[in-house]
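Comments concern the structure below.
The values are calculated or read from the model by the stated rules, or taken from the named source; none is laboratory data. Here the structure is a predicted model, which means the values were calculated and not measured. Cβ: placed from backbone, ideal geometry, glycine included. Neighbour counts: every protein chain shown.
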Amino acid sequence: MAKMQNVRGTYDLYGAAKRRAKKVVDIASKTVETYGFEEIETPIFEFTEVFARNLGDTSDIVTKEMYTFLDKGGESLTLRPEGTAGVVRSFISQGMKQNLPVKLYYAGPMFRYERPQKGRQRQFTQFGVEMFGVPSAQADVEMIAMAYTFLQKLGLDDTVTVEINSLGDKESRDAYRSVLVAYLKQHINGLSDESKERLDKNPLRILDSKEECDREIVENAPLYTDSLNETSKQFFAQVLRGLDVLKIPYRINHRLVRGLDYYSHTVFELTTDKLGAQGTVLAGGRYDGLVEEMGGGDIAGIGWACGVERLSMLLDSDVPLKRPVAVIELGDEAHDTALKTAYELRTKGFKVECAYSGNIKKRMEKAAKANAYKAVILGSDEISQGVATVKNLDDGTQKQVPLAHLAEELS
Ligand code: ATP
Ligand code: MG
């Protein structure tokens with residue numbers, strides 16, 4: 001017999017937790033729509049190649065975390081570990097570059113084979129945005145402002161810090177890479193095994209290693225800013241100036257590099273100290289070389305994504321359910337009228353609960369339990385007069401209302 005339990009690292013989302021997650025996505029969607037973003041839905045799986053090429057084959061995601069399988073036709077497919085790759089693939093395959101800039105957002109499940117712990121799941125939800133075709137720093141400012149406004153609307157702006165850094169253009173990155181490798185080679189014996197391996201393939205990743213021994217070495221590593229060329233310095237200064245104009249508080253974090261290979265210039269994270277080691281709730285950056293790398297031409301790109309579950313965990317108040325009207329029938333002769341009344345009220349947009357069974361006492365108890373604000377009581381007397389008794393369940397008052405005027409009375 002099949003095991004009746006969740007796969008490790010996956011969760012059923014319902015009740016208050018689902019309402020909070022939905023609120024996060026609703027507020028995010030509304031916020032980014034004010035910036036002209038439109039929703040896109042791409043498939044949950046893609047050819048493995050799409051992720052392997054997009055994310056760089058030395059990233060943690062590609063080397064360790066992907067759910068990859070062969071389908072019955074022998075194709076290697078992967079459940080999406082993040083949203084950008086699929087959106088970039090779609091941008092290219094649908095020929096969207098005819099109409100730049102293109103501003104897209106998505107929300108949906110992502111899959112990563114990670115060690116499950118608080119804030120780290122194997123299936124989780126991301127909300128993300130991507131903007132194509134704007135190489136100027138205004139895009140970076142707007143993307144960060146948009147993220148900040150979103151968290152402000154969730155009431156989390158006091159809880160969250162905007163951290164920002166610049167990786168510069170390719171010339172600056174190459175320059176920093178050699179300075180960093182030279183430094184790390186002097187301390188190679190102190191590095192963790194994983195970082196020793198990364199030294200050749202992806203030394204930048206060592207900067208955000210969580211291993212204690214690496215952190216001590218990284219503490220004194222050369223600073224990225226010192227390797228930025230003039231163009232990159234100016235670009236970063238423009239981004240920071242824009243944030244200053246908008247009075248968005250930020251902190252420059254010289255160790256922020258992000259895990260993926262494709263970032264250039266601005267990288268940023270919104271972090272909190274309330275979720276332990278899983279403190280990053282939103283992360284993003286500019287990826288000017290990515291579309292070209294994927295074969296779509298020289299088109300600038302920038303985006304961010306947030307973890308919906310991590311953000312939901314920070315919301316302390318419950319999201320209240322809409323209060324219903326309770327339709328209460330007394331006796332069999334009231335049944336058809338009650339059925340019809342509930343149907344008509346629902347058609348008009350009212351949320352209506354019926355108790356389905358029981359005497360008046362039971363039905364009134366159920367109405368209270370459903371947090372109904374009013375009860376529409378239908379007995380044989382009411383029906384013969386074409387009225388209902390409408391009881392206000394908050395103050396206990398009641399009155400007779402003609403059935404034809406019920407909707408007005410309840411609104
Ligand atoms: P981390 O450093 O925590 O592993 P990451 O750099 O892998 O994060 P991104 O790929 O940038 O994360 O994804 C963006 C956001 O998605 C993260 O900031 C986080 O909020 C969320 N996220 C990432 N991985 C998970 C996961 N396994 N479970 C829940 N949320 C996640
Ligand atoms: Mg990760």
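Summary of values
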quantity	calculated
Selected residue (criterion: farthest from residue 171 (Cα to Cα)) from residues of region 232-279 that are buried (at least 20 other Cβ atoms within 10 Å of the Cβ) and among the aromatic types (Phe, Trp, Tyr)	268
Residue, farthest from residue 285 (Cα to Cα), within region 57-84, restricted to residues that are within 16 Å of ligand 2 (Cβ to nearest atom) and among the small types (Gly, Ala, Ser)	59
Residues located in region 46-60, provided they are farther than 16 Å from residue 303 by Cβ and touching a Ser or Thr at 6+ places or on another chain (Cβ under 6 Å)	48
Close pairs (7 angstrom Cβ cut-off, 6 or more residues apart or separate chains): in contact (Cβ under 8 Å) with a residue 12 or more places away in the chain in region 382-394, part of a loop (DSSP other than H, G, I, E, B) and of a type in the set (A, V, I, L, M, F, W, C) anywhere	393/372
Flag for residue 284 being out of contact with any Gly (no Cβ under 7 Å at 6 or more places or on another chain) and closer than 30 Å to residue 63 by Cα	no
Sole residue being within 13 Å of ligand 1 (Cβ to nearest atom) and on the phi > 0 side of the Ramachandran plot, chosen from 133, 119	119
Among the residues listed as 308, 257, 291, the single one being within 10 Å of ligand 1 (Cβ to nearest atom) and in the same structural domain as residue 137 (by TED's automatic domain parsing)	308
Residue list for region 97-140, restricted to those being away from ligand 2 (no atom under 16 Å from the Cβ), under 14 Å from the mean Cα position of the chain (by Cα) and crowded, with 20+ Cβ neighbours inside 10 Å	104, 105, 106, 107, 127, 129, 130
Some residue of region 182-198 being closer than 30 Å to residue 138 by Cβ and either acidic (Asp, Glu) or surrounded by fewer than 14 Cβ atoms within 10 Å (Cβ to Cβ) (or both)	no
